[in-house]
Ligand SMILES: [Zn+2]
């Protein structure tokens, strides 16, 4: 959010803010739906494979339990099955779910890392990598234009700072 706002000129801040809110909302919803679908489909396919090992599990219940871990746990706890069968069902369901969950976690990590790399590559940093004309950098305190000056004394001697043009009335400054 701050990165997006910082990259936009003031006049476009309104639309930038709106767009970034829309983007965050939409991508969040799509992300949750997509990752949820991944977990669900891995769960179902693993469950179908593993449930075959539970001998005597009625296929109607097995099919119902393959929908979601919630359905499986509901059946396991419903008393329709023998305690051993309920235990196996719960075990198979949670293993299948954890497999899906792990895959989803790996996918999320990959997406996250890719996102970070994209941001690092394409989003300009305001203070570090992109050379900025001093006059385009506004004072953080009063918003006036700034001039780059080199500190002559003190602990920061030799470092370059954007210093407010209204200095000394305004003491706004920050490192170049
Ligand atoms: Zn100032």
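Values quoted throughout were computed directly from the atomic coordinates according to the rules given, and no laboratory measurement underlies them. This is a predicted model, so every value here is computed, not measured. Because the Cβ atoms are built from the backbone with ideal geometry, glycine has one as well, and the counts that use them run over all protein chains shown.
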The range 35-176, relative contact order in percent, only Cα pairs under 8 angstrom and at least six apart counted: 17 percent
Residues 81, 117 arranged by fewest to most Cβ contacts within 10 Å: 117, 81
